[in-house]
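Following: one structure in structure tokens, then a few remarks.
Bear in mind that the values in this text are calculations on the coordinates, not laboratory data. All figures in this text were calculated on a predicted structure; none of them were measured in a lab. Methodologically, a virtual Cβ is constructed for each residue, glycine included, from the backbone with ideal geometry; neighbour enumeration extends over all protein chains shown.
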Amino acid sequence: MFLECLPVGPLASNCYIIADKKSKKAAIIDPGGDSNKILDVITKEQLTVEFIFLTHGHSDHIAALKEVKNATNAKIAIHEEDAPMLLSSQGNLSVYMGFGFTQPSADIKLKGNEKFQIGGLTLEILHTPGHTPGGICIKVNNMVFTGDTLFAGSIGRTDFPGGSYDELISSIKEKLMPLGDDMSVLPGHGEPSTIGAEKKMNPFLK
Ligand SMILES: [Zn+2]
Ligand SMILES: [Zn+2]
């Protein structure tokens with residue numbers, strides 16, 4: 001499997017590009033800025049992007065969506081509860097960052113538990129509300145992309161509209177912890193980790 005992590009935008013959001021090496025079919029997770037950087041990798045690796053998955057609807061994870069969608073014509077997938085954020089600069093918080101924007105609407109509204117096939121790769125959607133109502137994590141092989149749900153040594157903020165600390169903790173304990181200690185955690189900001197390391201070290205999960 002091909003995997004690239006690109007820190008993008010002013011908040012250094014991690015945009016991930018994953019692809020099946022054989023078929024060159026790919027998915028982009030969270031195009032949060034710097035569309036040129038993202039599209040350069042797609043061109044260089046000669047990838048066909050089939051899906052753009054959004055872990056949630058905040059501006060720092062969706063800012064380059066329009067450019068990436070236009071360049072690839074990939075299908076945009078986001079949880080149904082965060083889908084309205086694409087169409088509202090207040091909902092996606094961009095208006096509060098001083099550069100309010102809206103984005104193309106969702107092609108696929110997720111509910112959780114869906115599976116997507118990208119060449120030989122199987123992606124599984126886990127609904128993990130708490131940071132936002134429609135937050136998702138995406139499991140591929142022994143990796144889980146956790147957006148702003150779980151970070152190395154920390155968890156997502158719950159003080160934005162629709163956030164809930166209790167829900168976030170339950171999401172992590174019920175959906176992510178059972179994935180097993182060896183599962184790699186690839187978060188929406190910062191360094192990677194594993195479920196085992198977070199169980200031991202993360203102060204929010206004691
Ligand atoms: Zn966020
Ligand atoms: Zn974020």
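Worth a mention:
- Residue in segment 32-87 that is farthest from the chain's Cα centre (by Cα), counting only those that are more than 22 Å from Gly100 (Cβ to Cβ) and in contact (Cβ under 8 Å) with a residue 60 or more places away in the chain: Glu50
- Enumeration of residues in segment 79-103 that are among the hydroxyl-bearing types (Ser, Thr, Tyr) and either surrounded by 16 or more Cβ atoms within 10 Å (Cβ to Cβ) or under 22 Å from His127 (Cα atoms) (or both): Ser88, Ser89, Ser94, Thr102
- Residues that are in a strand (DSSP E or B) and crowded, with 24+ Cβ neighbours inside 10 Å, drawn from segment 125-137: Ile136, Cys137
Each row is one residue, and each column tells you yes or no for (1) within 23 Å of Cys5 (Cα to Cα); (2) away from ligand 2 (no atom under 15 Å from the Cβ).
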{"site": "Phe53", "(1), (2)": "yes, no"}
{"site": "Gly57", "(1), (2)": "yes, no"}
{"site": "Asp60", "(1), (2)": "yes, no"}
{"site": "Glu67", "(1), (2)": "yes, yes"}
{"site": "Asn70", "(1), (2)": "yes, yes"}
{"site": "Lys75", "(1), (2)": "yes, yes"}
{"site": "Glu80", "(1), (2)": "no, yes"}
{"site": "Met85", "(1), (2)": "no, no"}
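- Within the option set Gly120, Gly112, Gly134, being out of contact with any strand residue (DSSP E or B) (no Cβ under 6 Å at 6 or more places or on another chain) and either away from ligand 2 (no atom under 15 Å from the Cβ) or under 21 Å from Gly156 (Cβ atoms) (or both) holds for one residue only, Gly120.
- Against the conditions (1) surrounded by 21 or more Cβ atoms within 10 Å (Cβ to Cβ); (2) over 17 Å from Gly135 (Cβ atoms), His61 satisfies every one except (2).
- The set of residues in segment 18-45 that are within 14 Å of Leu186 (Cβ to Cβ) and in contact with a Leu (Cβ under 7 Å, 6 or more places away or on another chain) comprises Ile18, Ala27, Asp30.
- Residues that are over 19 Å from Gly188 (Cβ atoms) and basic (Lys, Arg), drawn from segment 114-147: Lys115
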